[in-house]
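First up is the structure itself, then whatever we jot down about it.
The values are calculated or read from the model by the stated rules, or taken from the named source; none is laboratory data. The structure presented is a predicted model; accordingly, all values stated were derived computationally and were not measured. When we count neighbours, we look across all protein chains shown, and the Cβ atoms used for this are built from the backbone with ideal geometry, even at glycine. Note: areas computed on protein heavy atoms with side chains; ligands, DNA, RNA excluded. Shrake-Rupley method; radii C 1.70, N 1.55, O 1.52, S 1.80 Å.
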Amino acid sequence: MADINVDVLVIGAGPTGLGAAKRLNHINGPSWLIVDANEKPGGLASTDVTPEGFLYDVGGHVIFSHYKYFDDCLDEALPKEDDWYHHQRISYVRYKGLWVPYPFQNNISMLPKEDQVKCIDGLIDAALAARVATTKPQDFDEWILRTCGEGLADAFMRPYNFKVWAVPTTKMQCQWLGERVAAPDVKSVTRNVILNKVAGGWGPNATFRFPARDGTGGIWTAVSDTLPKEKKRYGEKGEVTKIDAEKKIVTLKDGTTVGYDKLINTMAVNHLVEKMGNQELVKLAKGLFYSSTHVIGIGIRGARPERIGDKCWLYFPEDNCPFYRATIFSNYSPYNQPQADVKLPTLYHADGSKAESGEPKEGPYWSIMLEVSQSSFKPVDEANILKDCIQGLINTEMLKPEDEIVSTYHRKFDQGYPTPTLERESVLKVLLPKLQDMDIWTRGRFGSWRYEVGNQDHSFMLGVEAVDNIVNGAVELTLNYPDFVNTRQNTERRLAQKFYNAGTGSSNGIPVRPAPRA
């Protein structure tokens, strides 16, 4: 017998695990427990604070949603109007010293004339080829050529996607694309080139909201706070060291054992199978590829420059900087950096020269957050990455050489992006069902390894839907039909729905399906 026994054990308190726990608490049916190795919840959507008081999310996160249930849970956790800031996306691509409005492929009207001609030529060639094509693209690179043409492929799509994924586009499949990548309309693009017009507003995150305080991680702390304290084990007492899938017992770092009937796992699936000690599954999981992500933060003294303005996030396809994306993090909330009256010393100037004085001075302050990818295909000079990023900011005119840097931040995430490689589906189609046959639902950004449903709203609902599948056999739409959930407002679940405790009416300890109260 284990020390603790529950119907459903949830491993991980990131968005997916919290989604599962929230749903379990909502339906008030199976007994449950959520565990996490970190003291604070949030996982890959948490927020760090530097000693100087600058906040940085562990990656470029914003809140936009395809699900009313997700919205309801966030509104419950942070219910006040002043808990949130609402933003219009102001996003650009840096190209040949120009700021081209995002998405780049819809705005070639902003490019130099020679580049416009190359891109239009490629778009026309692609459109003509598409009319007679009888097969689907076999990889991401072929998709790029068929939808964008050679000009756009070479100018932006290939170099940018290599910087993001750290994998050549020829090694990636294209089924993941959905709403992630804008396919240009040759007529609209040509019209905008002739009329010198700009296209904007594409995609689901054209508007987004951001928490006023505590960064994105503050959202998940607040969601976690809505759950019963006695059903949460965070920190060392929640760190999983071993999983016995046959006996259905999980061992935690402090020696506590937890018996379960069903397991919802949100840690990376390759780590899960290692903790299970199942060599067949370990070997299978080696077919999944990922890239690492370095998150770099730069805190700067001074008023936000006019050249930066109200930009949100920016893309960098060229090789004059190591980062693929920059977020003006201070634009999301005035509480993402120290207030102006806080006195901080200058560490050094952007060009590396020493400050004239080490005396602390007042602000105001602003900040930039950068992301750099790394893989076996794309190595990174980790020892000099901060210096190289600051030089990249000067090269792209984001910083001036004389700018005063008062704070720096660097954190590497070994598993940053779950790569949709050509081999991914052949692995997942075997691995996920094998685990589910053992009563293990593995879900989440790296739990189920599907980047196309890896945003915070998707991740949360992967947990919610796993619970509904366990309790009443409901289809997991987000996991299995990403294109369906991404093209509609999913309103079927609402937090206001009431459920009664159905008891334990089945032989496996999981309650019979809860029914809505009339």
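For segment 312-455, the calculated P(r) over all alpha carbon pairs, in 5 Å bins from 0 to the bin holding the longest distance, is 2, 8, 13, 16, 16, 12, 10, 8, 7, 4, 3, 2, 0, 0 percent. Which whole-number percent gives the relative contact order of segment 96-195, counting Cα pairs below 8 Å spaced six or more residues apart? 37 percent. The slack between K237 and A303, meaning 0.36 nm per residue of separation minus the straight C-alpha distance, is 19.3 nm.
Residues of segment 1-20 with an amide N closer than 19 Å to a point placed 7 Å from the Cα of E246 along the Cα-to-Cβ direction: 1-2. Shown here are the Rg and Dmax of the Cα trace of segment 385-457, at 19.8, 60 Å. Proximity of backbone amide H atoms, modeled 1.01 Å from N, is registered between A212 and W84, Y85 at under 5 Å, excluding neighbours fewer than 5 places apart on the same chain.
Share of segment 96-248's accessible area from carbon and sulfur, percent, 1.4 Å? Spell out each step's value before the answer.
Details: 3860 of 7350 Å².
Carbon plus sulfur share of accessible area: 53 percent.
Take every DSSP beta bridge with both residues inside the chain and express the antiparallel ones as a percent of the total, to the nearest 5.
Values: 51 of 71 bridges.
Restricted to the chain, the bridges split so that about 70 percent are antiparallel.
Normalised by the number of residues in segment 290-418, the average gap of Cα pairs under 8 Å and 6 or more apart makes the relative contact order 46 percent.
Residues whose amide H falls under 5 Å from that of E404, counting only those 5 or more places apart or on a different chain, are R301, with hydrogens built in the peptide plane.
How much of the calculated P(r) for segment 1-124 lies past 23 Å, in percent of all Cα pairs? The calculated P(r) of segment 1-124 puts 58 percent of pairs beyond 23 Å. Taking the inverse of the mean reciprocal distance over all distinct Cα pairs, the Kirkwood hydrodynamic radius of segment 191-325 comes to 20.8 Å.
Suppose a student asked you for the relative contact order of segment 282-355, using Cα pairs under 8 Å spaced at least 6 residues apart; what percent would you report?
Reported as a whole number, the value is 18 percent.
Between R191 and R131, the distance separating the two model label sites (each 7 Å from Cα on the Cα→Cβ line) works out to 2.0 nm. Which of the trypsin sites (Lys or Arg not before Pro) found in segment 18-117 are in a DSSP loop and have at most 14 neighbouring Cβ atoms, other than their own, within 10 Å? Qualifying residues, ordered by number: K80, K96.
With every protein chain present, what is the per residue accessible area of the chain (1.4 Å probe, Å²)?
That works out to 42 Å² for each residue.
Both radii were evaluated on the Cα set of segment 96-195; the Rg over Rh quotient, with Rh as the Kirkwood radius, amounts to 0.95.
Karplus-derived 3J(HN,Hα) values for segment 32-41, using 6.51 cos²θ - 1.76 cosθ + 1.60 with θ = phi - 60°, are 7, 8, 10, 10, 7, 6, 8, 5, 10, x Hz; glycine and proline are entered as x. Can you give the extra length, in nm with one decimal, that the chain gains between R213 and N38 once fully stretched, where that is 0.36 nm per residue apart less the Cα-Cα distance? Length difference between fully extended and current span is 60.9 nm. With the cut-off at under 17 Å, measuring from each backbone N in segment 293-311 to a point 7 Å along the Cα-to-Cβ line of S353 picks out 301.
Radius of gyration over Kirkwood radius for the chain, both on Cα atoms: the Rg/Rh ratio is 0.98.
In sequence order, segment 298-311 has phi-based couplings of 10, x, 10, 7, x, 5, 4, x, 4, 5, 8, x, 9, 4 Hz under the Karplus curve 6.51 cos²θ - 1.76 cosθ + 1.60, θ = phi - 60°, and Gly or Pro positions carry x.
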